[in-house]
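The values are calculated or read from the model by the stated rules, or taken from the named source; none is laboratory data. It should be emphasised that the depicted structure is a prediction, and the values quoted were computed from it without experimental measurement. Backbone-built Cβ (ideal geometry, glycine too); neighbour counts: all protein chains shown.
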Amino acid sequence: MSWFKRKKKGILTELSEQNDMPEGQWVKCPGCSAILNRRELEENFLVCPKCGHHFNLSSQRYFNLLFDEEAYERHDEHLTSRDPLHFEDRKPYTQRLEAARKKTSRNEAVQSATGTINGLPLSVAVMDFSFIGGSMGSVVGEILARSVKRAYTEDRALMIISQSGGARMMEGALSLMQMAKTSAHLTRLADKGLPYLSYMCNPTTGGVTASFAMLGDINMAEPDALIGFAGPRVIRETIGQDLPEGFQKSEFLLEHGFLDLIVDRRNLQEEVGRLLGLLMA
């Protein structure tokens with residue numbers, strides 16, 4: 001696998017780098033309803049300059065944001081999901097996979113890469129909500145496990161950027177098994193004394209939150225991200241009580257000790273470099 005270095009292309013982006021924002025020169029911010037110029041928004045790492053709302057960012061653009069000189073090596077791009085259970089609801093699982101691949105120009109809901117940040121070796125895996133809600137099936141679990149293994153076999157730090165609705169129901173118990181698989185590999189990383197940074201984006205829920213996303217040495221999140229296991233309606237119906245306002249938002253979780261840091265995307269590279277400098281000293 002050759003090293004990749006992205007050339008500057010102004011406001012033009014390849015299909016694999018595009019996000020879920022509507023097309024056009026102007027974009028309405030869902031956070032403050034401001035009308036934003038797309039070019040200015042792109043230059044601001046897809047963060048609203050008025051209210052700080054974080055739009056979804058593709059895995060490739062996270063790699064470009066994090067790694068030194070935007071240089072990194074991609075891994076496991078050939079892995080693709082199958083349909084072992086022959087699952088079908090409103091349409092067959094195979095059709096959903098094909099539609100997701102066509103929409104995103106990616107094979108799965110997670111991408112992995114290695115490179116350096118401030119000269120320190122780092123293995124990164126980034127989940128992508130635009131691929132079937134970033135759901136975790138057996139191939140997603142395998143790519144994550146390989147990313148962790150790459151860290152502890154090559155003496156790299158690890159960072160996982162999570163954005164997911166949880167386990168992929170179309171794969172049943174095979175999907176749930178990935179919770180244990182990824183957690184077991186993280187144990188081996190910890191045994192070698194290598195740091196793991198977890199960065200949770202909006203949303204991070206279900207089995208992803210219940211496994212690797214909350215197992216970081218440092219648990220971070222973007223501002224105003226929805227993070228939790230079950231949804232607010234399910235919890236409310238289960239306990240029979242009204243819930244505190246914003247109780248699953250990253251600010252609430254930070255206040256109650258579930259997170260260590262809230263990091264604005266625009267400061268992510270600087271903050272990750274600072275933390276790795278301390279943890280790998």
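Brief remarks follow.
- The number of residues in the range 145-174 being crowded, with 23+ Cβ neighbours inside 10 Å and of a type in the set (S, T, Y) comes to 3.
- Close Cβ contacts (under 7 Å, 6 or more residues apart or on different chains) running from residues in the range 94-106 that are touching a residue at least 60 places away in the same chain (Cβ under 8 Å) to residues that are surrounded by 13 or more Cβ atoms within 10 Å (Cβ to Cβ) and of a type in the set (D, E) comprise T104/D128; R106/D128.
Residue-by-condition table, conditions (1) touching a Lys or Arg at 6+ places or on another chain (Cβ under 9 Å); (2) among the hydroxyl-bearing types (S, T, Y); (3) part of a helix (DSSP H, G or I):
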| position | (1), (2), (3) |
| --- | --- |
| S112 | yes, yes, no |
| G133 | yes, no, yes |
| E142 | yes, no, yes |
| R146 | no, no, yes |
| Y152 | yes, yes, yes |
| M170 | yes, no, yes |
| T182 | no, yes, yes |
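- Looking only at the range 114-156, and only at residues there that are touching a residue at least 40 places away in the same chain (Cβ under 8 Å) and of a type in the set (D, E, K, R), the one that is nearest to L226 (Cα to Cα): D128
- Filter result (within 16 Å of L174 (Cβ to Cβ) and in a helix (DSSP H, G or I)) within the range 75-95: Y93, T94
- Residues satisfying the stated conditions in the range 116-130, i.e. at negative phi and either aliphatic (A, V, I, L, M) or surrounded by fewer than 24 Cβ atoms within 10 Å (Cβ to Cβ) (or both): T116, I117, L120, P121, L122, V124, A125, V126, M127, F129, S130
- For D83, the requirement of being in contact (Cβ under 8 Å) with a residue 12 or more places away in the chain, over 19 Å from L57 (Cα atoms) and crowded, with 17+ Cβ neighbours inside 10 Å is not met.
- If you go through the range 52-65 and pick out every residue that is hydrophobic (A, V, I, L, M, F, W, C), within 13 Å of the chain's Cα centre (by Cα) and either modelled with pLDDT of 95 or more or more than 16 Å from E108 (Cα to Cα) (or both), you end up with 2.
- On inspection, Y199 does not qualify as surrounded by fewer than 24 Cβ atoms within 10 Å (Cβ to Cβ) and within 17 Å of L276 (Cα to Cα).
- Among residues of the range 218-242 being of a type in the set (D, E, K, R) and either within 16 Å of the chain's Cα centre (by Cα) or in a loop (DSSP other than H, G, I, E, B) (or both), the one that is farthest from N64 (Cα to Cα) is D242.
- Taken across the range 243-266, residues that are outside any helix (DSSP H, G or I) and touching a Lys or Arg at 6+ places or on another chain (Cβ under 7 Å) do occur, with at least one present.
- Scanning the range 244-259 for any residue that is modelled with pLDDT under 95, assigned by TED's automatic domain parsing to the domain that holds Y62, buried (at least 20 other Cβ atoms within 10 Å of the Cβ) and not aromatic (F, W, Y) turns up at least one such residue.
- So E69, is it at positive phi, among the charged types (D, E, K, R) and not in a loop (DSSP other than H, G, I, E, B): yes
- Taking the listed residues L189, L194, the one that is part of a loop (DSSP other than H, G, I, E, B) and either free of Cβ contacts under 8 Å to residues at least 24 places away in the same chain or among the hydrophobic types (A, V, I, L, M, F, W, C) (or both) is L194, with no other qualifying.
- The selection criterion, being in the same structural domain as V263 (by TED's automatic domain parsing), surrounded by fewer than 16 Cβ atoms within 10 Å (Cβ to Cβ) and at pLDDT 95 or above, does not hold for D89.
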